[in-house]
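For reference, the structure is listed below as structure tokens.
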Amino acid sequence: MLAIGEFSRLTHLSVRTLRRYHEAGLLIPAVVDPSTGYRSYDGGQIPTAQVIHRLRELDVPLVDVRRIIESPDPDRRAALVSDHLARLEAELDRTRVAVASLRRLLDPDPVPLHVELRAVPEATVAAIEDDIDNDAMAAWYVGALAELRAAVDVRSGPAGGVYDNALFEDGWGHVLLHVPAPDPPTRGRVHPATLPAVELAVATHVGPHDNADVTYGLLGSWVVANALAVAGPVRETYLVTPADDPDQSAWRTEIGWPIFRMS
């Protein structure tokens, strides 16, 4: 048997932490003296303590740690760990995007935004549309795009989206996701839709959509200084997507801001 101090030195878990894990029912000592309350551990508990240590270093919540160490099924344990690692990787990706955006915003010599004025003609497309909460946008987009691609056999260009002003202003608004199609079908949520002709100031956002607000801000500033903005929905065109290239730095999204050209 190992006294709690010895067990602490062997596992690199502080005495205070071991006591907390005992109280949480996570790592129960082999023996607790009923008169003194002294805790003693068995040498066979060292691997369990080390696993707990590693999981906590990865910020696995205590409730999930308990599920992992108590599960008799190795596949179940592996799945729980894999799920948490996927969440950590997603958080790391978000952190990297936020850092890159902040550096770009604080750059004293930013790269000038290239803006193109474009007259977009009326077009008939295959579309899925709905009123969406901004927080649910990412999941809705993935599902809608997959349904569009399954329904349309022949596409003549990249997918695009039309986003109501209310989506940005109120966090809830109308979204229309579309793909060009010579003969748009009616199948499930997919239906033909007509996009009206519009004049746009267009800039290309490079990278993941999480920091597209930076490009939106630069484009909006350009429009205020150089054109007459129209209170119409913003359009996006997805030139390079995760389905085309897993490298986020390769992703390209055109952002089209409606304008009225004076000449």
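Results for (1) of a type in the set (Phe, Trp, Tyr); (2) not in a helix (DSSP H, G or I), shown as yes or no for each residue.
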residue: Trp140; (1), (2): yes, no
residue: Ser156; (1), (2): no, yes
residue: Gly161; (1), (2): no, yes
residue: Leu167; (1), (2): no, no
residue: Pro182; (1), (2): no, yes
residue: Thr194; (1), (2): no, yes
residue: Asp210; (1), (2): no, no
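Yes or no, residue by residue, for (1) modelled with pLDDT under 90; (2) among the polar types (S, T, N, Q); (3) in contact with a helix residue (DSSP H, G or I) (Cβ under 6 Å, 6 or more places away or on another chain); (4) in the same structural domain as Arg66 (by TED's automatic domain parsing):
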residue	(1), (2), (3), (4)
Ser82	yes, yes, no, no
Glu89	yes, no, no, no
Val97	yes, no, yes, no
Ile132	no, no, yes, no
Asp135	yes, no, no, no
Tyr141	no, no, no, no
Gly171	yes, no, yes, no
If you check Ala231 against the conditions, is it closer than 22 Å to Ala136 by Cα, surrounded by fewer than 17 Cβ atoms within 10 Å (Cβ to Cβ), out of contact with any Lys or Arg (no Cβ under 6 Å at 6 or more places or on another chain) and at pLDDT below 85?
no
Pairs with Cβ under 6 Å, 6+ apart, first in region 150-169 and under 18 Å from Asp131 (Cβ atoms), second in a loop (DSSP other than H, G, I, E, B)
Val162/Pro233; Tyr163/Pro233; Asp164/Pro233
Can you list residue pairs whose Cβ atoms sit under 9 Å apart, with the first residue in region 62-74 being in contact (Cβ under 8 Å) with a residue 40 or more places away in the chain and the second being in a helix (DSSP H, G or I) and among the hydrophobic types (A, V, I, L, M, F, W, C)? Count only pairs 6 or more apart in sequence or on different chains.
Ile69/Val51; Ile69/Ile52; Ile69/Leu55
Flagged pairs (Cβ under 8 angstrom, 6 or more apart or on separate chains; first in region 238-263, at positive phi and not assigned by TED's automatic domain parsing to the domain that holds Ala212; second among the β-branched types (Val, Ile, Thr) and part of a loop (DSSP other than H, G, I, E, B)) are none
Assuming Val152 fulfils every condition listed in (1) buried (at least 18 other Cβ atoms within 10 Å of the Cβ); (2) β-branched (Val, Ile, Thr); (3) modelled with pLDDT under 90 apart from one, which condition is it?
(3)
Only unsatisfied item for Asp93, checking (1) among the acidic types (Asp, Glu); (2) modelled with pLDDT of 80 or more; (3) surrounded by 11 or more Cβ atoms within 10 Å (Cβ to Cβ); (4) under 26 Å from Val214 (Cα atoms), is (2)
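The values are calculated or read from the model by the stated rules, or taken from the named source; none is laboratory data. Worth saying up front: this structure is predicted, and the values here are computed from it rather than measured. Please note: Cβ atoms are built from the backbone with ideal geometry, for glycine as well, and neighbour counts cover all protein chains shown.
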